[in-house]
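A.B. asks: Please see the structure below; I have some questions.
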Number of protein chains: 4
Amino acid sequence: MLDSYSIHTDLALEDKERFESDNVEISGVSVEEVYHKEKEIQITTVKILTENGAKVMRKPVGTYITMEAPNMAVPDEEYQTGIAEEVAEYLKEVLKLDKEDYTALVVGLGNRDVTPDALGPHVVEELRVTRHIIREYGKYAMDEKEAHMVSAIAPGVMAQTGMETSEIVKGIVEEIKPDFVIAIDALAARNTKRLNRTIQIADTGINPGSGVGNHREGITKETLGIPVIAIGIPTVVDAATIVRDTMENLLATIETSDKYEAINQLIAPHLYGMFVTPKDIDETIERLGSMIAEALNILFTKDIYC
Amino acid sequence: MLDSYSIHTDLALEDKERFESDNVEISGVSVEEVYHKEKEIQITTVKILTENGAKVMRKPVGTYITMEAPNMAVPDEEYQTGIAEEVAEYLKEVLKLDKEDYTALVVGLGNRDVTPDALGPHVVEELRVTRHIIREYGKYAMDEKEAHMVSAIAPGVMAQTGMETSEIVKGIVEEIKPDFVIAIDALAARNTKRLNRTIQIADTGINPGSGVGNHREGITKETLGIPVIAIGIPTVVDAATIVRDTMENLLATIETSDKYEAINQLIAPHLYGMFVTPKDIDETIERLGSMIAEALNILFTKDIYC
Amino acid sequence: MLDSYSIHTDLALEDKERFESDNVEISGVSVEEVYHKEKEIQITTVKILTENGAKVMRKPVGTYITMEAPNMAVPDEEYQTGIAEEVAEYLKEVLKLDKEDYTALVVGLGNRDVTPDALGPHVVEELRVTRHIIREYGKYAMDEKEAHMVSAIAPGVMAQTGMETSEIVKGIVEEIKPDFVIAIDALAARNTKRLNRTIQIADTGINPGSGVGNHREGITKETLGIPVIAIGIPTVVDAATIVRDTMENLLATIETSDKYEAINQLIAPHLYGMFVTPKDIDETIERLGSMIAEALNILFTKDIYC
Amino acid sequence: MLDSYSIHTDLALEDKERFESDNVEISGVSVEEVYHKEKEIQITTVKILTENGAKVMRKPVGTYITMEAPNMAVPDEEYQTGIAEEVAEYLKEVLKLDKEDYTALVVGLGNRDVTPDALGPHVVEELRVTRHIIREYGKYAMDEKEAHMVSAIAPGVMAQTGMETSEIVKGIVEEIKPDFVIAIDALAARNTKRLNRTIQIADTGINPGSGVGNHREGITKETLGIPVIAIGIPTVVDAATIVRDTMENLLATIETSDKYEAINQLIAPHLYGMFVTPKDIDETIERLGSMIAEALNILFTKDIYC
């Protein structure tokens, strides 16, 4: 069979889909679907209940809530607020908060200089942090009477810091002792249709090998000693994945139909508006720009070339 | 046959390669290859000489110089300067400058906010413009005694300006009357191996349908009345293209070998480090970041959710 | 007398204030004040009616509407929309539009890489341009049934382009033939209390010597042949100005009171939260960052320093 | 006397200068000056030796090395490398490293979104971090055979994180146990001539009240338990400071000379090319840009205003 174990997705929803064609129920995995008609959000809750389920799904035991909203990629502030409220509700449920006053640490993972990996840093930029205000003036200083202590950091990636992100977060957690961590990360999906249209909330934290930037060490309840909720949005598909997937579909249909027609049909709708580009395009583009500028600067300086 | 006419590349070199497997010589097209050993640059000059050649190659009559330098993507300032010198030499040749003092207008095409399309704006940022200095103080004000008058603009794309780029450039050309235009643009290639490693210099200017951002109207000698030299570097491959190409290769080998093995071999080396992402990822990522920040801001404000 | 003619402000309102202490009415200048209570906006309309008025005010004959809104600097989306509506109303009045369908060209002046000069480029970024859509699909393609054709450009400054901004704008105007130009620019004020809290709308266009970036040639009805409305917000005060102004006040009070006390009182409220920094701080800070990084890179590489 | 205790400078050199006019030697403070002719660098070493010296100088006991290089603000890569080498030498001396292999943590203080405060984040961006590579592959993986383990973080400021920077650094230090910390910060000077032309290296770490961003808690050997070396470059002068200083000079000369002449002479050379702007100009400019864009969007949409 096709080397499908190497196809990676960060969405539990997509791991589950691998088995759907076979009509197989996976032991140790439960799936529940809800459609929120008014907001046009499809919510799928995948629970991995046993170690067997975890092995088959290649994800740790835990709860994975996926919210698919086709209009999420459209700029519409009101709709965006509607989804934000929904996300807030699910987070509240997953966090099972019982303390009156809590301290949260939000960690924005990823590299702010690589566009599709910059989701976490962008979230931290717009977050309303309050811990320093409440510590200084008390919680009545906040507009809302009962705000919590919110702190946040976008620590950068290992190539920028020389440190595992888990080391940095662990150090900070030990120092400021939050009640829980919310970690935001850009994800890799398998299906281009899900890019920028899907939010996954997982109570399993950040696990090795996940994310656009590929975390090497986990940021989890095991490593930190406090609950870690991960919020992710898929922003890329590995180029290998889309080729492989399309080919699998091709091979399935190839006997019965004209093969070139089949290829064209498989490609067209699916890949419209997508491009393939190297992971380091952001820094490369600046360097190449410098190089051409240098060429022109040389060209236009007569005494060098004449 | 496979719908290959719809596969687009901005590199004349790659148009020519389509016919190589067939060992066909194309009438009206000449090809010349030089290898610059010391600098490890492969230089291919494709000349489209006749209208027939233009039709087969789907590019206008003219000269297309392609410089392939595998190390171009590696950050190495000295090597970069070496290539810059080479580019300057070829530009000088293509421009066939005979005026003692000339005025150049460099146009940086593309959208500075979409990373793989931002090559042109980056070049303009680092260009040494001199026209205003020479007009004010004379050319002896320059460090180099005989510098030319260089001007530059990065006009933005139609979705930002509401104007065809060609309209903007035409207006400026009529006002400042340069001797020629050099237009810089990010290109789409067909082969991922060429991304960020190839420079194309063409004396045909910018033609409709070319570039990452897909120009709708040309910027050419015909439209401006002065020579237009285009410098381009491929920064993306259409996602559809890589799927289609790999499948074509697959279908060619499928009879003789194990098909899954074939797929794995076709994919692996080629796509390593590449990702697929939507064309509007840069602005989308900021909007999605806002949305999640909003969700967390809602969550952490007790009087809204309690 | 103190060399006050060299004190520059781009606000007609502040030119007028120079004469207030003297209780002088300036011949050829009319002033009208309105307070918009609900929105807390003070609107002052200065009309320079004669060449004598222009000479005294050091600004061309024309109408200058200044809207002062102390809360403008506070982030509050609703309040911001309120001011935006007010600005739109005044623009409509100043433009005296009588054509059913018009074409507008918005020009965002200034250098996007120098923060206090970047107002114009930011406006262009968020503007809804429509000319290309209406030309392609007709005006019924717009959500609003009767939208106008809007085009925009942020041409950069002369040090980036080698061209006078007026040359670029003139070329584009001749090509696309808009009915009028709206030019946005960051201004220099004399009073720090006005920074980021004041909008000036003038029907005189952009004049030589004005703006943070100091335009050398005008962009006016005279140079373009169509009306040019300038919208400006003061973002800086020349450092020399604040020193000089405070000293003038000091010298006025020095005879009657304790001089050190006087100095302290003059300085305190006025300058709180302000800093003095060189005009080129944005690019300098990057270069200095590189230099220190280089020092550390040298330090940490043992075989160079051991 | 003038309320001079409230005039703040982060440069020990400038604290010392306050006493020079009086020809006073300060007990507990030693000063040594060296001029590096070839590189045109003036190096002043101020040592605060006693608590009395610390009180007079308003800075902790320790060594402050100031390197003044007038050409530092000029873009010249070779000269920059020359200064970088000099800085590396002094750092080596101050660090008194005796361990063969050490681990360094570089902390880039300041807010990357406020230009004059962004020095620290820029340094971290260009630093060659190695800790993760050496931990994974051993130190022989580095090009230089004996490189040290370098890690780095730009934690952001309290308004972004809700945490004291000292809390974050302390947590990370306890987790990764570096041998020392090098903290980079943008400073406030008293003399505009020093902006972007002066580097201060201090073995006293970062102290409360210092820096453009005003640290509230120290990052020092006392708080972290390991040596903390601070590297700073002054990028701003408080607006109040320049007014006050100029006025002091004015009052000193006012009896003997024409006072208006005196003012003009005091101001001119000193403040050329400087501007005064609010501390939050970077975010304000974006918001004001949005507001004007909104006004124009309203204006151009006929069915709202007609």
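The values are calculated or read from the model by the stated rules, or taken from the named source; none is laboratory data. Everything numeric in this text was worked out from a predicted model, so none of it was measured. Backbone-built Cβ (ideal geometry, glycine too); neighbour counts: all protein chains shown. For accessibility, only protein heavy atoms count, side chains too; no ligands or nucleic acids. Shrake-Rupley method; radii C 1.70, N 1.55, O 1.52, S 1.80 Å.
A.B. asks: Just the accessible area per residue of the range C:9-118, please: how many Å² with a 1.4 Å probe?
C.D. replies: Computed with neighbouring chains in place, this is 49 Å² per residue.
A.B. asks: Assume the label is 7 Å from Cα along Cα to beta carbon: what separations in nm does residue D:36 have to the matching positions in the other copies?
C.D. replies: Spelled out, the distances from residue D:36's label point are 3.8, 5.8, 6.1 nm.
A.B. asks: Please give me the summed charge of the neighbours of residue B:236: other residues whose Cβ is under 14 Å from its Cβ, Lys and Arg +1, Asp and Glu -1.
C.D. replies: So the environment of residue B:236 carries a net charge of -3.
A.B. asks: Which distance in Å, rounded to a whole number, links the C-alpha centroids of the range C:209-229 and the range D:42-73?
C.D. replies: Computed from Cα coordinates, the inter-centre distance equals 49 Å.
A.B. asks: Moving to a separate point now. Within 10 Å of each Cβ of D:82-92, how many other protein chain Cβ atoms are there on average?
C.D. replies: Mean shielding count: 5.
A.B. asks: So, one more: Nm distances between the label at residue D:58 and the same-position labels in the remaining copies, 7 Å along Cα→Cβ, shortest first?
C.D. replies: 3.5, 6.2, 7.1
A.B. asks: I've got another one for you. Taking all protein chains together and a probe of 1.4 Å, list B:33, B:126 from the most accessible to the least accessible.
C.D. replies: Ranking B:33, B:126 by accessible area, largest first, yields B:33, B:126.
A.B. asks: Something else: Non-local amide H neighbours of residue A:187 (under 5 Å, H modeled in plane, Pro and chain starts lacking H): which ones?
C.D. replies: A:212, A:233, A:235, A:236
A.B. asks: Ranked by accessible surface with a 1.4 Å probe, highest first, in what order do D:36, D:148 come?
C.D. replies: D:36, D:148
A.B. asks: Can you list the copy-to-copy distances for residue D:222, using a point 7 angstrom from Cα toward Cβ, in nanometres, shortest first?
C.D. replies: Copy-to-copy label distances for residue D:222: 4.3, 6.5, 7.8 nm.
A.B. asks: With charges only on Cβ, +1 for K and R and -1 for D and E, what is the dipole size of the range D:28-80 about its Cα centre, in debye, rounded to 20?
C.D. replies: 500
A.B. asks: Is the shape of the range C:107-223 best called rounded, prolate or oblate, per the rule: a/c under 1.5 gives rounded, else a/b larger than b/c gives prolate, else oblate, with a ≥ b ≥ c the square roots of the Cα gyration tensor eigenvalues?
C.D. replies: Note, shape of the range C:107-223 comes out prolate.
A.B. asks: How high is the FRET efficiency between residue D:102 and residue A:214 when r is their beta carbon distance and R₀ equals 51 Å, given to the nearest 0.05?
C.D. replies: That pair, residue D:102 with residue A:214, gives E of 0.95.
A.B. asks: Hey, another quick one. Please give the net charge around residue C:274, taking every other residue with its beta carbon less than 14 angstrom from that of residue C:274, where Lys and Arg add +1 and Asp and Glu add -1.
C.D. replies: So the environment of residue C:274 carries a net charge of +2.
A.B. asks: Could you compute how much accessible surface residue C:135 exposes when probed at 1.4 Å, giving the result in Å² to the nearest 10?
C.D. replies: 130
A.B. asks: Now, a different point. Report, as an integer, the average count of C-beta atoms from other chains found within 10 Å of each Cβ along B:108-116.
C.D. replies: Neighbouring Cβ atoms belonging to other protein chains average 3 per residue here.
A.B. asks: Related question: Residue of C with Cβ nearest the axis relating C to B, plus distance in whole Å?
C.D. replies: C:171, 2
A.B. asks: Buried accessible area between C and D (1.4 Å probe, both chains summed, ligands and nucleic acids excluded), in Å² to the nearest 100?
C.D. replies: It comes to approximately 9500 Å² buried between C and D.
A.B. asks: Could you tell me whether the range D:52-94 comes out rounded, prolate or oblate from its Cα gyration tensor? Rule is a ≥ b ≥ c as square roots of the eigenvalues, rounded for a/c under 1.5, then prolate if a/b exceeds b/c, otherwise oblate.
C.D. replies: Taking the square roots of the gyration eigenvalues as a ≥ b ≥ c, the range D:52-94 is oblate.
A.B. asks: Quick one: grab the alpha carbon gyration tensor of the range A:47-171, order the square roots of its eigenvalues as a ≥ b ≥ c, and give me rounded if a/c is under 1.5, else prolate or oblate depending on whether a/b is larger than b/c.
C.D. replies: rounded
A.B. asks: Count the net charge of all other residues whose Cβ sits under 14 Å from the Cβ of residue A:126, scoring Lys and Arg as +1 and Asp and Glu as -1.
C.D. replies: -4
A.B. asks: Additional query: Rolling a 1.4 Å sphere over the protein heavy atoms, what is the accessible area per residue of the range A:158-221, to the nearest Å²?
C.D. replies: About 29 Å² of surface per residue is accessible.
A.B. asks: For the range A:93-130, which trypsin sites (Lys or Arg not before Pro) pass both filters: DSSP loop (anything but H, G, I, E, B) and at most 11 other C-beta atoms within 10 Å?
C.D. replies: Here the sparse-neighbourhood loop sites are A:96, A:99.
A.B. asks: Let me spell out the model: positive unit charges on the Cβ of Lys and Arg, negative unit charges on the Cβ of Asp and Glu, origin at the Cα centre of the range B:1-144. What dipole size does that give, in debye rounded to 20?
C.D. replies: Taking the Cα centre of the range B:1-144 as origin, the dipole is about 660 debye.
A.B. asks: While we're looking at this one, here's another question. Ordering C:35, A:90, A:64 by accessible area with a probe of 1.4 Å, largest first, what comes out?
C.D. replies: The residues order as C:35, A:90, A:64, largest area first.
A.B. asks: Right, next: Kindly state, to the nearest 0.05, the FRET efficiency for residue A:141 paired with residue C:85, given R0 = 35 Å and r defined as their beta-carbon distance.
C.D. replies: For residue A:141 and residue C:85, the calculated efficiency is 0.60.
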